[in-house]
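S.K.: Pasting a structure below so you can have a look.
Each reported figure results from applying straightforward, stated rules to the coordinates on display, with no laboratory input. As the structure is a prediction and not an experimental result, all values here were calculated from the model. FYI the Cβ positions are ideal-geometry reconstructions off the backbone, even for glycines, and counts take in every protein chain you see.
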Amino acid sequence: MARFRIDLEYEGTRYSGWQIQKNARTIQGELLAAARTVFKTTALEIYGAGRTDAGVHALRQVAHLDAQTVLAPEIIRRRINDELPADINLIEVAKAPSSFHARHSAVARSYLYQISRRRTAFGKKFVWWIRDPLDVAAMSAALALFTGMKNFRSFTADDEDEKPTSVLVEEILHRECGDLLLIRVVGSHFLWKQVRQMIGVAAEVGRGDMSLREVRKFLSSSSDEPARFTAPPSGLFLERVYYPGERRLRTIEPVLAVESFGR
C-alpha cells in the first residue's frame, strides 16, 4: 500500500462538509468516489487534516491517500481531477512516508474569514455581508482576547465532557482591503464552529452591541450566548494546514479580486 499526500482546494457551498456522511454530499465522499473509479477498487482510504463544516471552503486542505498502485503522483492528480466536480480540485499529489498522517502530523491550522462591508453581486458565496458599520479597532481588541491557550467551551458545539475544549490560538491577524475585512486565525487545532463563533462575537463588539467584558466572561465561564452569533460558513476558508518545517504565510490576501469590493 502506497501513501500519498494530497493538497486540494474546494468551494464548500454545495457540500455538507468534509466528512463522509450517509445520504449527504461531502468532499471526502466525492474524493473517495473519484479515487475508486481511478484505481478500480474500494480498497483505499482517504483521511483529511480536519473537518470543515457544511458550506465552508478550503484554499489548501490536506489529506492522505492509501492505495495499491504504481501510478506516478502527477498521473494520480490528473486522473482523479478528471473524475471530480468542478468545485473540487487537487492542487498537488506527492509520495509520502507511511508515518505521515494528514491530521496527526499537522502542527497548526490557519483559517481565513472574509467580511464584506458592502452588498456584492459576485461574492455572496465567499463573504459575510454585514450591513452595520463596524468599529474595526474594537473588533481587533475582541479578537486579541482569544489568543493564547484558552478554554473555548463557550465557543463550540462540542461537548466538553467528551472532548477537551482548551485550544492554543497562536495568532489572529486582520487586514482591511477595500470593502473587505480579512481575518486570519492560526491555532494548534479548532473545535466545531469555534472560529465562526469567535468571528460572530467579534462582529457584535464591532457593531457596538457587545462589550469586551462580556467576551472575557465567555472565556472564563460556560455560556451558550456565542452560539447565537455564529458567523455564516460562506466567509470561512481553511487557508493552510502546517507540518513541521513548513513556512507560515505572512501576508493576508483576499480570495476575491479587490476590485470587486472597491479600494
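S.K.: For a Förster distance of 51 Å, can you work out the FRET efficiency between the beta-carbons of S220 and K95, rounded to the nearest 0.05? Working shown, then result.
M.R.: Details: r = 47 Å, r/R0 = 0.93.
In this case the efficiency is close to 0.60.
S.K.: Which longest uninterrupted range of the chain lacks any GluC sites (Glu not before Pro) assigned by DSSP to a loop state (not H, G, I, E or B) and surrounded by at most 13 other Cβ atoms within 10 Å?
M.R.: Details: sites that count: E162, E246.
Value returned for the longest uninterrupted segment is 1-161.
S.K.: Something else now. Work out the length of the dipole vector of the chain about its Cα centre, built from +1 on the beta-carbon of each Lys and Arg and -1 on the beta-carbon of each Asp and Glu, and round it to the nearest 20 debye. Show your work: numbers first, answer last.
M.R.: Working: 38 positive and 32 negative charges, 60 e Å.
Here the size comes out at about 280 debye.
S.K.: With helices defined as uninterrupted DSSP H runs, which ones in the chain have an alpha carbon span along their own long axis of at least 15 Å and mean Kyte-Doolittle hydropathy of at least 0.0?
M.R.: Details: long enough: 27-39 (18 Å, 0.92); 73-83 (16 Å, -1.42); 194-207 (20 Å, 0.16).
Long hydrophobic helices here: 27-39, 194-207.
S.K.: Right, another one. Assuming R0 = 51 Å, can you tell me the calculated FRET efficiency for the pair S211 and K125, based on Cβ-Cβ distance, to the nearest 0.05?
M.R.: It comes to 0.95.
S.K.: Taking the dipole about the Cα centre of the chain, with the C-beta of Lys and Arg at +1 and of Asp and Glu at -1, give me whichever of T13, A72, S220 is farthest to the positive side.
M.R.: Working it through, the farthest residue towards the positive pole turns out to be A72.
S.K.: Have a look at W128, W192, W18 and tell me which one the Gaussian network model of the chain (Cα, springs below 10 Å) gives the largest fluctuation.
M.R.: Judging by the Gaussian network model, the answer is W192.
S.K.: Suppose the Debye formula is applied to equal point scatterers at every Cα of the stretch 78-146; what is log10 I(q)/I(0) at q = 0.22, 0.24 Å⁻¹?
M.R.: The Debye formula, applied to the Cα set alone, gives -1.07, -1.14.
S.K.: Another question, then. List the lysines whose Cα lies under 19 Å from the Cα of K163, skipping any in the same chain that are fewer than 8 positions away.
M.R.: By straight Cα distance, K163 reaches K150, K193.
S.K.: Can you tell me which of G55, G200, G208 moves the most in a GNM of the chain? Springs connect C-alpha atoms under 10 Å apart.
M.R.: Among G55, G200, G208, the largest mean-square fluctuation in the Gaussian network model of the chain belongs to G208.
S.K.: I would also like to ask the following. R0 = 30 Å: FRET efficiency of K22 with E74, Cβ-based, nearest 0.05?
M.R.: Calculated transfer efficiency: 0.35.
S.K.: Bin all alpha-carbon pair distances of the stretch 2-95 at 10 Å intervals from 0 and give each bin's fraction as a whole percent.
M.R.: 17, 57, 24, 1
S.K.: Given the options A96, A108, A24, which has the most mean-square fluctuation in a GNM of the chain, springs set between C-alpha atoms less than 10 angstrom apart?
M.R.: Sorting by GNM fluctuation, first place goes to A24.
S.K.: Can you list the equivalent-ellipsoid semi-axes of the chain, largest first and in whole Å, using the square root of 5 times each Cα gyration tensor eigenvalue? Write out the running numbers ahead of the final one.
M.R.: Values: eigenvalues 226, 86, 52 Å².
The equivalent ellipsoid of the chain has semi-axes of 34, 21, 16 Å.
S.K.: What do you get for Rg/Rh over the stretch 115-263 if you use C-alpha atoms and the Kirkwood form of Rh? Numbers along the way, then the final one.
M.R.: Numbers: Rg = 15.3 Å, Rh = 16.0 Å.
Rg divided by Rh gives 0.96.
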